[in-house]
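Some notes on the structure that comes next.
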There are 2 protein chains.
Amino acid sequence: MPERLVVIGADAAGMSCASQARRRRDQDDLVIVSFDRGNYTSFSACGIPYLIGGVVDELDDLVARPVEEHRRRGIEVHLRHEVTEIDLDRRRVVVRDLEDNSERAEGFDLLMVATGAVPVRPHLPGADAAGIFGVQTLDDARRILDALSARSPRRAVIVGGGYIGIEMAEAMLARGMEVTLVEQAAAPMSTLDPEMGAVVADAMRALGIEVRTEDAVVEFESADGWLSGVVTESARLPADVVILGIGDCPNVTVAEAAGIPLGDSGAIAVDRRMRTTIDGVWAAGDCAEKFHRVSRRGVAIPLGTHANKEGRVAGIDIGGGYETFPGVVGTAVSKVCDLEVARTGLKEAECRASGFEYVVATVDSKTRAGYFPGAADIKTKLIVERRTGRLLGAQIIGRENAAKRIDALAVALWNGMSVDEMYHMDLGYAPPFAPVWDPVLIAARRAWEQVERRA
Amino acid sequence: MPERLVVIGADAAGMSCASQARRRRDQDDLVIVSFDRGNYTSFSACGIPYLIGGVVDELDDLVARPVEEHRRRGIEVHLRHEVTEIDLDRRRVVVRDLEDNSERAEGFDLLMVATGAVPVRPHLPGADAAGIFGVQTLDDARRILDALSARSPRRAVIVGGGYIGIEMAEAMLARGMEVTLVEQAAAPMSTLDPEMGAVVADAMRALGIEVRTEDAVVEFESADGWLSGVVTESARLPADVVILGIGDCPNVTVAEAAGIPLGDSGAIAVDRRMRTTIDGVWAAGDCAEKFHRVSRRGVAIPLGTHANKEGRVAGIDIGGGYETFPGVVGTAVSKVCDLEVARTGLKEAECRASGFEYVVATVDSKTRAGYFPGAADIKTKLIVERRTGRLLGAQIIGRENAAKRIDALAVALWNGMSVDEMYHMDLGYAPPFAPVWDPVLIAARRAWEQVERRA
């Protein structure tokens, strides 16, 4: 009698897990059944802004592996099925078929929770109006595309200036709309420090986006059954479509109700093999807590690359192998049109929250030798421990492949390097690719000068 | 009575040294006198192919800091002055003024040897013909530019397929010439492994460059006082201009004659503070040996970024401060048109020479999410120690900012990472910047699979 693995969620984490488990255990040994409330498996949520902006042509392009492919490999997948309850004592889940709202129980021996994240929705008057969209799933993407083609909206208001917010601002701009972004904080991109976020805001304004900072939505207005405007603390903004980008949180409602323990971050607590504290239950992806290697705390960071890696680790464990997930350093890259934004590690506020004393160096440089055509501006900020010079975090804003330069810093951070050693690192140099002193090296040197002065 | 520092060579290493020393010791304390046989200070030799190809407009654009600027800061610079002898006993150098060939002695208390590298010139019949150019100094660049405008050559033959060779092939192509590259080895780019070099060769052929591998020049032919052809082992190639790119070697003739000890690499032996074994004598830049952190051997790697860093270290030491140069990992980036090439660490032959047993993983991937427009091919090769999985070297060939991805690998190598840990590194992910599994991570994972299998 084979064991039965139930996988809740058929996206990156769930299907990476299922694939690995299947690769290591055949169907006589392990039955794998997955439920997902959406219509798609293994899709790239990060690609949605580019689909909506018209950069990516087809919705199906964002599906890395369609449901048929999983089924062919011996993974049973039920789409439009929502798991509404996990019963750990009876080892079963309750599943609702969203087509007919029927419910049934499905037993499991092993359980993988890959329920992802859910977008935060504002509890504001009018927030349920037609024309207000989250950006989370391909079903969301389809709804937005349908609205764009059916109604040809002219004015878009983006609520929230995080990654989704700035990427959707670009998308709406590409669609020819007037775009306004409303951000509660002093600057968009709260994953950066405020003065870096302000640089992003200025660049967005230069692109023609109205960026309203320190402003908050208080109400959504409708007319004729469709959104007509957004009322903020300081203005009434006409709007034909609203995109919500105010963040998301781990989707742990069902897991929490079942008694699967959460970490301090609010995501499901897991060990290095992605095992929850409940025997035979794993969690991975946006719903699972990640160990942050710099703060040494549990964090909830929704990101496809983590979900893929974690799901794979869980699947190897379920499959009888050994693999561990070593944690994250908080690397993220994004862009608005040609402005690229990247960060890794801790920002200043996060350093303070972790008890670090730090110094900062911010350097304006170029992406190529100064005399080389196309040399673009790049601003590099490093945050380092005041006494030791150990790198704690980095932020980059620039153009022309500035963002991926964060990787060298992410690897340095991963290894706990001090800027004292970093500024002599042997990074690639040639005039089309970097100045003779790479921006990363200059920033490290400047940061070290701060450390020496204040030690 | 101030001390007197003589700096031989007024390019990157020499002037970085002089600047640092001057910053820390004023003219009452230290007189700084520099001699250089060329006409320029602090220039970017790496930029010469782009000047000749017309990408960079003016020769002066390649001068990072002109002689007047150094003089204003209290550094005495004598251009067109060649140091022909170092007398360590009498603490003086013999200097020849190249304008009038007069010689004089100049005393020193402290000596900085920053004589750079000299291009290898083939000892072949006809090798002194007009129309055959090295690419080393701005004076070389001016001679080439003069020849291009005076003679409008149609056919260029590049001898040697190293960095200079491939970059000059691009430059000559940009000038509208028919370009043939002659390379003795089985593939160009001998800093890569042969099968990676073959990929470069194919890409160069696709650009319209005739790449002749396993062929060697045996003679240069002239007519009417100018180069007319190149005779190789297998063909007679008509040519109006020849570019020599067969490498360079440390320019140590004068230092060696004076008894300043060289390392096994043939470059001047230095300690971490760039001090030679002779008291009061420093060396830095292309003429100085570098410690290779992977092979743990002394190497001669001519590269502007090393020269700048080393010169600075020497200058700080001379200035009474403390700074060390921690060595190199052999990182280099280059391009031919839009094909980018990068490497770090040891190639296979170098691993063998250092006694490493290794395994290899080569991965074909994309620079962006596969569905994202502009996703370009990128080939990533990792060489890792067979038993431990420790990274030993990496090579990347690709397009669209593929090359600088070597930096993450260079930092990993710097820290002695094993691919076991590397494939979970938190590198920047978003669809415009990388697939969900970054090529570097995939390559690391594949390499680790080799290690497990063969351990």
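Quick look at the values:
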read-out: DSSP-assigned coil residues among GluC sites (Glu not before Pro) in region A:82-138, each with at most 10 further Cβ atoms within 10 Å; value: A:E99
read-out: In nm, spacing of pseudo-spin labels at B:S102 and A:R272 (7 Å Cα→C-beta vector); value: 7.4
read-out: Estimated FRET transfer efficiency when R0 is 30 angstrom, pair A:D87-A:W226 (beta carbons, to 0.05); value: 0.10
read-out: Förster radius 35 Å - calculated FRET efficiency between B:A216 and B:R80 (Cβ-Cβ, nearest 0.05); value: 0.45
read-out: Distant alpha-carbon pairs in region A:332-450 (separation over 24 angstrom), percent; value: 20
read-out: Per DSSP, loop chymotrypsin sites (Phe, Trp or Tyr not before Pro) in region B:272-359 with at most 10 further Cβ within 10 Å; value: B:Y322
read-out: Residues A:D29, B:D89 arranged by fewest to most Cβ contacts within 10 Å; value: B:D89, A:D29
read-out: Estimated inter-spin distance, A:D264 and A:D364, nm [label 7 Å along Cα→Cβ]; value: 3.9
read-out: Position B:G416, label points 7 Å along Cα→Cβ, spacing to each other copy in nm (shortest first, one decimal); value: 1.3
read-out: Principal axis dimensions, largest first and in whole angstrom, of chain B by Cα; value: 67, 58, 38
read-out: Cα centroid of region A:211-275 to Cα centroid of region A:24-49, whole Å; value: 25
read-out: Note, ³J(HN,Hα) from phi for region A:433-443, Karplus 6.51, -1.76, 1.60, rounded to Hz, x at Gly and Pro; value: 10, 5, x, 4, 9, 4, x, 4, 5, 4, 4
read-out: Long-range amide H partners of B:A434 with built H, under 5 Å; value: B:A369
read-out: Over region A:225-354, equivalent-ellipsoid semi-axes from the Cα gyration tensor in Å; value: 33, 20, 15
read-out: Around A:R91: net Lys/Arg minus Asp/Glu count, Cβ-Cβ under 13 Å; value: -4
read-out: Label point 7 Å beyond Cα of A:A150 along Cβ direction - residues of region A:235-272 with amide nitrogen under 16 Å; value: A:240-242
read-out: GluC sites (Glu not before Pro) lying in DSSP loop within region A:301-373, provided at most 15 other Cβ fall within 10 Å; value: A:E357
read-out: Burial ordering of A:M15, B:M1, B:M177, A:M425, fewest other beta-carbon atoms within 10 Å first; value: B:M1, B:M177, A:M425, A:M15
read-out: Estimated distance in nm for a label pair at B:V120 and A:A376, the labels positioned 7 Å out from Cα along Cα-to-Cβ; value: 3.9
read-out: Local electrostatic count, A:V336, Cβ distance below 10 Å [Lys/Arg +1, Asp/Glu -1]; value: -3
read-out: Spatial separation of Cα centroids for region A:358-375 and region B:390-455, in angstrom; value: 25
read-out: Whole-Hz ³J(HN,Hα) from phi, Karplus 6.51 cos²θ - 1.76 cosθ + 1.60, for region A:414-421, glycine and proline x; value: 3, 8, x, 6, 8, 4, 4, 7
read-out: A:C249 long-range amide H proximity, modeled H, under 5 Å; value: A:V118, A:V120
read-out: Mean residue ellipticity (222 nm) of the protein assembly as shown, computed from DSSP H runs ≥ 4 via -39,500 (n - 2.57), nearest 500; value: -7500 deg cm²/dmol
read-out: Unsatisfied cross-links (Cα-Cα over 22 Å) in the set A:K404/B:K335; A:K290/A:K381; A:K335/A:K404; value: A:K290/A:K381
read-out: Which of B:S34, A:S265 has the fewest Cβ neighbours within 10 Å, and the rest in rising order; value: A:S265, B:S34
read-out: Environment charge of A:I268, counting only residues whose C-beta is closer than 13 Å and scoring Lys/Arg +1, Asp/Glu -1; value: -4
read-out: Cβ-vector label at 7 Å, A:R151, separations to other copies in nm; value: 7.1
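All of the numbers you see were taken from the coordinates with simple rules; none came from a lab. Bear in mind the structure is a predicted one, so any value in this text is a computation, not a measurement. Cβ coordinates were reconstructed from backbone atoms using ideal geometry, including for glycine residues, and neighbour counts include every protein chain displayed.
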